[in-house]
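Presented below is the structure to which this report refers.
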Amino acid sequence: MRKLLIAFWALLLCAYVHGETEYPGLELANDEITVSLYLPDAENGFYRGTRFDWSGIIERVEYLGHSYYAPLYTSHDPTVHDSISGPAQEFGMYNPMGFAEASAGETFIKIGVGLLRKGESDEYLFHGDYEIARVGEWQVQHGDNWVDFHQELSDENGWGYRYHKRIELVPGRPELAIFHRLENTGEKTIDLDNYNHNFTIIDDVPYGPDYSVEFPFATDEPKPVNDLAWYRGNAIEVDRPLGENSLWALLLKDGGGADYNAATVRNDKTGASVSFKGDAPITHFIFWAVERAACPEPFISINIAPGKAQEWVSHYTFEVDPEN
């Protein structure tokens, strides 16, 4: 208990500044990288939207004088659905727990957020404006190079879960791992999707022709992406600066094994890159980008019977060319 109290007070004393506002945060480090992340907080948290999992939002990673990740918007509103940073995850982009059976005004569950109130529409919109009826409470513990997040939530309709997320820096390597365990504590099967949006910017260089993004799969023939880029071979190549434009492409619609759950984002201008690799098979793979972020998005399936649990992990490796 004493150790838990010490960790709790340490978390309260740590905060990061974005603009003129302080948000509760935490810094992790090993001998290679330093990771700054935001902590879930219903009153003062950096992210209080209804789309993404509130836990483990990485603000920035520092390695050999290079920086990875940054908030998507320079002008920040904590309640905007995508006002977020880094490897942000969403559960149920298309089908949150209990949404289909709820009537207008009743609640449904968004894992990593809480109980949300359904509006008049029977179509769920990931960017929709949903009232938070009850925030899911978090328990947080941490050490020098790791942090654990726990959230448990249930409702009167037979839905319930226990969620554990751990971010751990691999000793002696420029690498972090994100572990997940989701247990079904309710009476109904949890059947939804999960993906990581991977909002990535490197050295604060706007995403565009200075970047390359590579995948472990390839297209048979070159395909244009919004008349600004090409999906060619196993990579996205951008022809010119995006400006106010965005890119979107469904790269893989029929899914694949865990070896397809990976990508590398490289800043060719500075020689810094980040690669991720997950251990779960994917259902499909989307790429989205604006100047503030390149986003390779592998989707996985979550299907958990009552009393059962599902686990998965992703590793992120940071690299810099020797000449840089």
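The values are calculated or read from the model by the stated rules, or taken from the named source; none is laboratory data. Not measured: the values here are computed from a predicted model. Every residue, glycine as well, gets a Cβ built from its backbone with ideal geometry; the counts of neighbours run over all protein chains shown. Only protein heavy atoms, including side chains, enter the accessible area calculation; ligands, DNA and RNA are left aside. Shrake-Rupley method; radii C 1.70, N 1.55, O 1.52, S 1.80 Å.
Can you run down the residue pairs with Cβ atoms below 9 Å, 6 or more apart or on separate chains, where the first is in the stretch 34-58 and modelled with pLDDT under 95 and the partner is open to solvent by 20 Å² or more (accessible area, probe 1.4 Å)? Final answer for the pair search is 56/40; 56/166.
Of all residues assigned to the stretch 26-39, at least one qualifies as being in contact with a Cys (Cβ under 8 Å, 6 or more places away or on another chain) and in a strand (DSSP E or B). Residues that are more than 13 Å from the chain's Cα centre (by Cα), open to solvent by less than 10 Å² (accessible area, probe 1.4 Å) and over 15 Å from residue 196 (Cα atoms) do not occur anywhere in the stretch 69-83. Only a single criterion out of (1) more than 25 Å from residue 298 (Cα to Cα); (2) of a type in the set (Phe, Trp, Tyr); (3) surrounded by fewer than 21 Cβ atoms within 10 Å (Cβ to Cβ) is not satisfied by residue 159, namely (3). Of 236, 304, all but one fail to be under 30 Å from residue 184 (Cα atoms) and of a type outside the set (D, E, K, R); the exception is 304. For residue 65, indicate whether it is crowded, with 19+ Cβ neighbours inside 10 Å, at pLDDT 95 or above and small (Gly, Ala, Ser). Answer is no for this residue. Listed by position, the strands (runs of 3 or more DSSP E) enclosed by the stretch 203-307 that each have at least 2 residues that are crowded, with 16+ Cβ neighbours inside 10 Å and either under 20 Å from the mean Cα position of the chain (by Cα) or modelled with pLDDT of 95 or more (or both) are 211-214, 229-232, 235-238, 247-252, 262-267, 272-278, 284-290, 293-304.
Condition check for residue 152 on (1) closer than 24 Å to residue 187 by Cβ; (2) open to solvent by less than 70 Å² (accessible area, probe 1.4 Å): one failure, at (2). Within the stretch 189-202, the only residue that satisfies the criterion of being of a type in the set (Asp, Glu) and either modelled with pLDDT under 95 or open to solvent by 20 Å² or more (accessible area, probe 1.4 Å) (or both) is 191.
Quick one: is residue 84 out of contact with any Ser or Thr (no Cβ under 9 Å at 6 or more places or on another chain) and modelled with pLDDT of 95 or more? Criteria met by residue 84.
Cβ-Cβ contacts under 8 Å between residues 6 or more apart (or on different chains), taken from a first residue in the stretch 63-85 that is in contact (Cβ under 8 Å) with a residue 40 or more places away in the chain to a second residue that is open to solvent by 40 Å² or more (accessible area, probe 1.4 Å) and aliphatic (A, V, I, L, M), are listed as 73/80.
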